[in-house]
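*Asks:* I have a structure I would like to understand better, so I am pasting it below and will then ask my questions one at a time.
The values are calculated or read from the model by the stated rules, or taken from the named source; none is laboratory data. This is a predicted model, so every value here is computed, not measured. Heads up, the Cβs are rebuilt from the backbone with ideal geometry, glycines too, and the neighbour counts pull from every protein chain shown.
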Amino acid sequence: MKRNLLFVAIIAFVCGMSSCKSKEFANDGKINSAMDNSRTSLDWDGTYSGVVPSSDSPDVAIELKLNSDFSYEMKRTCSQKEISFISAGAFTWNPAGNGIILQNVNAKGSFEYFSVQENQLLMLDKNGKRISGKNANKYILKKRMVEAPSQDSKLTNKYWKLVELMGDPITYAEGATKEAFISFNEDGTVNGNFGCNNFSGTYTLQDGNKILFSRMAATMMMCMDNMEVEGKFMQVLEMADNYNLNADKLVLNKARMAPLARFEVVHK
């Protein structure tokens, strides 16, 4: 333990990255709803990296991994002195759900603060406030994006019928000639029907069941009895960023929010 504390002191001196000893995280607002904060609406877990300024030394390269169990690992490397320091611990969210506090298990009372944004972390000062000055826009760690794997064979070449949309079950009139569905093709294209209008586009899969729809286009027929379903289905394809697949059931989600849409395979 003493040796670890000594390393903390050395790296703080060499890199100019002294520990922050504040017991409070500055909170910019009241607690937001579950639909409106970074903790619930963003895919925040992953690895972030960047090179940030230091007032007393060369710039410092930082690699920070946030895990879904609220633990973290951080590696700091002074760019010109080739000295690295690795720390680990747990982090907590502020009441507004838009920022995190890192607690170093090897340095009791040491805290670091970050604002959590879409695919990036913004480093804050020792009081949890935005860093000001000419280098303020350089205190950013970008999320490392993973390359897309091969297509999911359990997803492609199937007729996925829409059975639930934003929590509401979808019913079809007896004898209806059209129903809402989606089909994924092996070439990365997607097509389907919103319940009246046909649509097509492309999709990309990434590790961790991530999915992104793009280049979407649709026909523009007027369907008075089905416009609400059509509008919500379109919105789902714009919002969805991950999916769950279990046998003949598919769910499209946005981060950790409630499921956006549920589908079931229809064998034709």
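*Asks:* Can you list the strands (runs of 3 or more DSSP E) found entirely within the stretch 226-268 that contain at least 3 residues being under 17 Å from the mean Cα position of the chain (by Cα) and in contact (Cβ under 8 Å) with a residue 24 or more places away in the chain?
*Replies:* 242-246
*Asks:* Among the residues of the stretch 204-225, which ones are of a type in the set (Val, Ile, Thr) and either over 15 Å from the mean Cα position of the chain (by Cα) or in a helix (DSSP H, G or I) (or both)?
*Replies:* Here is the first cut: in the stretch 204-225, the residues of a type in the set (Val, Ile, Thr) are 204, 211, 219.
The answer is Thr204, Thr219.
*Asks:* Conditions: (1) of a type outside the set (D, E, K, R); (2) modelled with pLDDT under 85; (3) part of a strand (DSSP E or B). Asn106 meets all but one. Number of the miss?
*Replies:* So Asn106 meets the others, but not (3).
*Asks:* Looking only at the stretch 128-144, which residues are touching a strand residue (DSSP E or B) at 6+ places or on another chain (Cβ under 8 Å), in contact (Cβ under 8 Å) with a residue 40 or more places away in the chain and not in a strand (DSSP E or B)?
*Replies:* Scanning the stretch 128-144 gives Gly128, Lys138, Tyr139, Arg144.
*Asks:* Is it the case that some residue within the stretch 118-126 is in contact with a Cys (Cβ under 8 Å, 6 or more places away or on another chain), of a type outside the set (Val, Ile, Thr) and at pLDDT below 90?
*Replies:* Here is the first cut: in the stretch 118-126, the residues in contact with a Cys (Cβ under 8 Å, 6 or more places away or on another chain) are 125-126.
Going one step further and asking which of them are of a type outside the set (Val, Ile, Thr), we end up with 125-126.
Next, from what is left, pick out any that are at pLDDT below 90: 126.
For the stretch 118-126, residues in contact with a Cys (Cβ under 8 Å, 6 or more places away or on another chain), of a type outside the set (Val, Ile, Thr) and at pLDDT below 90: present.
*Asks:* Within the stretch 55-64, count every residue that is surrounded by fewer than 17 Cβ atoms within 10 Å (Cβ to Cβ) and at pLDDT below 85. Talk me through it step by step, then tell me what you get.
*Replies:* Taking the stretch 55-64 as the starting set, the residues that turn out to be surrounded by fewer than 17 Cβ atoms within 10 Å (Cβ to Cβ) are 55-56, 58, 61.
Adding the requirement that they be at pLDDT below 85 leaves 55-56, 58.
Residues in the stretch 55-64 being surrounded by fewer than 17 Cβ atoms within 10 Å (Cβ to Cβ) and at pLDDT below 85: 3 in total.
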